[in-house]
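The values are calculated or read from the model by the stated rules, or taken from the named source; none is laboratory data. None of these values were measured; they are calculated from a predicted model. Using ideal geometry, Cβ is built from the backbone for each residue, glycine included, and neighbour counts are taken over all protein chains shown.
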Amino acid sequence: MTSGLDVLVADLTAIFSNRLQAVVLYGPHAIGPKTGHPMHTFVVVRDVGLADLEAAARRIGTWRQGGLAVPLLMSADEFSSSLDAFPVEIGAILGGYRLLYGTDPFEGVQIDPTDLRRACEVEARGHLLHLREGFIEAAGRPDAVVRLVKASAPALRTVLMTLARLDGATEQTPSAFAASRLGPHHGRTIAGVLSTIDGPLTVVDPARDFEQYLAAASALVSYVDGWAS
């Protein structure tokens, strides 16, 4: 039986022909048991134009039916010059990926820890600002606060996983890393937020619990700000 990944590679080969250089699967599906979340792929091509994007757009329905997220598409030149611009994103891929087609674009690639720390600080500060803005937009509606918390969880997990790599603590889960660096109280709060990635968030008092989330996010900013390379 043809898998969604096989279909994707075949479609990309048809669209780009010899301009297709690599297709990489990354994230949980690349390193562990399959989850209910879409599969994420990274695609490197020699060059890409509007006609290519239009052809890909015609296939997106099929890709989604096959359990795929929209592919992350880059030209080879963009990729080679983006390591300092997207250290968190590329670092996350380096944390676990599988080559599906072509030549491994990540072979020998290393992320500068200084770039990664700076990007983590930007992400952590932006996360806190987003939470504050989102709470105001929720206008006190508990259901909106719950949606905000759930929507924020993947970005929080990415920052924590990146910091764990920087601190040489890749064996720790994001929740365990948060508890060890921010304290058990903030760790429990963050564990509750991250649990919403795979399940619903059930709270008695969203406003009170959100206050604890804000405190944990603020503690994370302080930790990143004080991180020394």
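Please pick out the residue among 54, 107, 89 that is charged (D, E, K, R) and within 30 Å of residue 220 (Cα to Cα). Exactly one residue qualifies, and that residue is 89.
Determine whether residue 76 is surrounded by fewer than 17 Cβ atoms within 10 Å (Cβ to Cβ), closer than 27 Å to residue 163 by Cβ and modelled with pLDDT under 95.
On the way: surrounded by fewer than 17 Cβ atoms within 10 Å (Cβ to Cβ): yes; closer than 27 Å to residue 163 by Cβ: no; modelled with pLDDT under 95: yes.
So residue 76 does not fit the description; no.
Within the range 79-111, the set of residues being acidic (Asp, Glu) and modelled with pLDDT of 85 or more comprises 104, 107. The residues listed here are 222, 229; of these, the one that is at pLDDT 90 or above, surrounded by fewer than 19 Cβ atoms within 10 Å (Cβ to Cβ) and farther than 19 Å from residue 148 by Cα is 222.
Among the candidates 92, 56, 153, single out the residue that is out of contact with any Phe, Trp or Tyr (no Cβ under 9 Å at 6 or more places or on another chain), aliphatic (A, V, I, L, M) and surrounded by 13 or more Cβ atoms within 10 Å (Cβ to Cβ). Talk me through it step by step, then tell me what you get.
Values: 92 fails: out of contact with any Phe, Trp or Tyr (no Cβ under 9 Å at 6 or more places or on another chain); 56 fails: out of contact with any Phe, Trp or Tyr (no Cβ under 9 Å at 6 or more places or on another chain).
Selected residue: 153, the only one of 92, 56, 153 that is out of contact with any Phe, Trp or Tyr (no Cβ under 9 Å at 6 or more places or on another chain), aliphatic (A, V, I, L, M) and surrounded by 13 or more Cβ atoms within 10 Å (Cβ to Cβ).
Pick out, from the range 118-229, the helices (runs of 4 or more DSSP H) lying fully within it that include 2 or more residues that are within 17 Å of the chain's Cα centre (by Cα), farther than 22 Å from residue 90 by Cβ and not small (Gly, Ala, Ser).
On the way: elements: 142-166, 174-182, 184-194, 206-225.
Filter on the range 118-229 gives 142-166, 184-194.
The criterion of being loosely packed, with under 15 Cβ neighbours inside 10 Å, at pLDDT 85 or above and either among the polar types (S, T, N, Q) or not assigned by TED's automatic domain parsing to the domain that holds residue 10 (or both) holds for residue 129. The condition (being free of Cβ contacts under 8 Å to residues at least 40 places away in the same chain, touching a helix residue (DSSP H, G or I) at 6+ places or on another chain (Cβ under 8 Å), assigned by TED's automatic domain parsing to the domain that holds residue 121 and within 20 Å of residue 120 (Cβ to Cβ)) is satisfied by just one residue among 179, 138: 179.
Looking at 61, 4, just one residue is touching a residue at least 24 places away in the same chain (Cβ under 8 Å) and either in the same structural domain as residue 174 (by TED's automatic domain parsing) or not charged (D, E, K, R) (or both), and that residue is 4. Among the residues here, residue 164 does not qualify as closer than 21 Å to residue 225 by Cα and at pLDDT below 85. Here the condition is being touching a residue at least 60 places away in the same chain (Cβ under 8 Å) and closer than 19 Å to residue 162 by Cβ; of 44, 24, it holds for 24 alone. Selection over the range 1-22 of residues that are over 13 Å from residue 56 (Cα atoms) and among the β-branched types (Val, Ile, Thr) gives a count of 1.
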